[in-house]
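Student: Provided herewith is a single structure, encoded as structure tokens, for subsequent inquiry.
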């Protein structure tokens, strides 16, 4: 099982701590010691599961806009956005602690906007988290127009990783970062994209087609 490079440091630290606890539990030679060792082993197994990073193959469709995150669609609504214009469509994806948390680029282009916001740590399914929580905004200038998406921290998520630079060329489906533990990713599509997802739909980062461009330039 591949472990994401974004979490290699956390996995290493967790492994050391869990190993110490496991050995301490084994040395106790009691029921409590068994519980302690088992808890350490289970927590480390969950850590490996959380930081898993499966290989994904993006669809061979130049018009497709892909999901940036694994999870469940919480919200689909029309909005006005300074980067994508009016009318635009906002889609919010909730990521539970059991989803793969590595994020991927929805469409190819050039990174045109990066902005980090410190903030609160409301539950990720609370729609106030879109504007109140710690978050990282990303804009990509694509052939069909501008695409905006945002990594939003949740109640448990206290670490956003974004490995992008302004002006960087990106392609659809490549990894660019992650949000550690439960969180959400919001994405805003311009009017030039026909959005095909609905509330309650499950998404797979880098594979699920969320919409297609209405025209090619």
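Read-outs: derived from the displayed coordinates by stated rules, not from any lab. Since the model is a prediction, treat every value here as computed from it, not as a measurement. Don't worry about glycine lacking a Cβ; one is built from the backbone with ideal geometry, like all the others, and counts go over all protein chains shown.
Student: Using Cα springs under 10 Å in a Gaussian network model of the chain, which residue among 64, 191, 40 shows the largest mean-square fluctuation?
Tutor: Sorting by GNM fluctuation, first place goes to 40.
Student: Could I ask something else about it? Please arrange 27, 66, 74 by counting, for each residue, the other beta carbons lying within 10 Å of its beta carbon, fewest first.
Tutor: 27, 74, 66
Student: Between residue 86 and residue 201, what is the FRET efficiency for a Förster distance of 22 Å, r being their Cβ-Cβ separation, to the nearest 0.05?
Tutor: 0.35
Student: What order do you get for 193, 35 when you list them from fewest to most C-beta neighbours inside 10 Å?
Tutor: 35, 193
Student: Once you place label points 7 Å from the Cα toward the Cβ at residue 78 and residue 143, how far apart are they in nm?
Tutor: Reported label-point gap for residue 78 and residue 143 is 2.9 nm.
Student: Further question on the same structure: Which of 98, 50 has the fewest other C-beta atoms within 10 Å, and how do the rest follow up to the most?
Tutor: Listing 98, 50 from fewest to most nearby Cβ atoms yields 98, 50.
Student: Additional query: Using Cα pairs closer than 8 Å and at least 6 residues apart in sequence, work out the relative contact order for the range 64-213, in percent.
Tutor: 36
Student: I'd like the distance between the alpha-carbon centres of the range 71-94 and the range 31-52, rounded to an integer number of Å.
Tutor: When both Cα centres are located, 38 Å separates them.
Student: If you don't mind, another one. If you line up the long axis of helix 8-28 against the longest principal axis of the chain, both from Cα atoms, how many degrees apart are they, to the nearest 10?
Tutor: 20
Student: Put a dot 7 Å past each Cα toward the Cβ at residue 96 and residue 16; how far apart are the dots in nm?
Tutor: Result: 3.3 nm between the two label points.
Student: Can I ask one more? Rounding to the nearest 10 and keeping the result within 0 to 90°, find how far the Cα-based axis of helix 31-50 lies from the longest principal axis of the chain.
Tutor: The angle comes out at about 20 degrees.
Student: Taking Cα pairs under 8 Å and at least six residues apart, what relative contact order does the range 1-148 come out at, in percent?
Tutor: Relative CO of the range 1-148 lands at 18 percent.
Student: Modelled label-to-label distance, residue 117 and residue 46, 7 Å Cα→beta-carbon offset: nm?
Tutor: Reported label-point gap for residue 117 and residue 46 is 3.0 nm.
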